[in-house]
Amino acid sequence: MNSEELDRFIRDMLAQKDLPGVNDDVREQLVTDLKERLLDQVDRAIVDAIPEDKIDDFNALLDQSDVSDETIQNYVVQSGVDVQQVTINTMLRFRDLYLTPQDARE
């Protein structure tokens, strides 16, 4: 998923949240902050989806100073992680959590 798609997803989410009195500058900062949080959660979910028997090799790969993002992505895919599905599920959970009122979550 590219950056523009993530921005659109976050903007749609903010529109659904319907925050009154939020000006354009604040809205753009919210988009930036929420996108960063979402990407952190997606990364964490992908790492969590790596099979237990592949984690040591994955950590060794990350310890290499000259490893490329493409190499890391290939390793994740080859280890059996459905990155697209993990990303979609994480995005849906993120949206649901953001849009669900605090008192309804407890």
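The values are calculated or read from the model by the stated rules, or taken from the named source; none is laboratory data. Computed from a predicted structure; not experimentally measured. Here the Cβ is made from the backbone with ideal geometry for all residues, glycine too, and neighbour counts use every protein chain on show.
Could you count how many residues in region 4-60 are within 25 Å of residue 78 (Cβ to Cβ) and of a type outside the set (A, V, I, L, M, F, W, C)?
Total satisfying the criteria: 13.
Taking the residues in region 50-84 that are in contact (Cβ under 8 Å) with a residue 24 or more places away in the chain and either touching a Ser or Thr at 6+ places or on another chain (Cβ under 8 Å) or loosely packed, with under 11 Cβ neighbours inside 10 Å (or both) as candidates, determine which candidate is nearest to residue 15 (Cα to Cα).
50
How many residues are in a helix (DSSP H, G or I), under 15 Å from the mean Cα position of the chain (by Cα) and in contact (Cβ under 8 Å) with a residue 60 or more places away in the chain when one looks only at region 1-24?
2
Please give the number of the condition residue 27 fails out of (1) modelled with pLDDT of 95 or more; (2) part of a helix (DSSP H, G or I).
Failing condition for residue 27: (1).
Just to check your reading of the model, which residue among 19, 39 is modelled with pLDDT under 95 and either in contact with a Gly (Cβ under 6 Å, 6 or more places away or on another chain) or hydrophobic (A, V, I, L, M, F, W, C) (or both)?
Of 19, 39, the one residue that is modelled with pLDDT under 95 and either in contact with a Gly (Cβ under 6 Å, 6 or more places away or on another chain) or hydrophobic (A, V, I, L, M, F, W, C) (or both) is 19.
Only one of these is of a type in the set (A, V, I, L, M), on the phi < 0 side of the Ramachandran plot and more than 19 Å from the chain's Cα centre (by Cα): 39, 61. Name it.
Details: 39 fails: more than 19 Å from the chain's Cα centre (by Cα).
So the residue among 39, 61 that is of a type in the set (A, V, I, L, M), on the phi < 0 side of the Ramachandran plot and more than 19 Å from the chain's Cα centre (by Cα) is 61.
Residue under question is residue 19, and the condition is that it be surrounded by 12 or more Cβ atoms within 10 Å (Cβ to Cβ) and within 21 Å of residue 100 (Cα to Cα); does it hold?
Here the answer is no, as residue 19 does not meet what is asked.
Report whether or not residue 47 is surrounded by 15 or more Cβ atoms within 10 Å (Cβ to Cβ) and of a type outside the set (Gly, Ala, Ser).
yes
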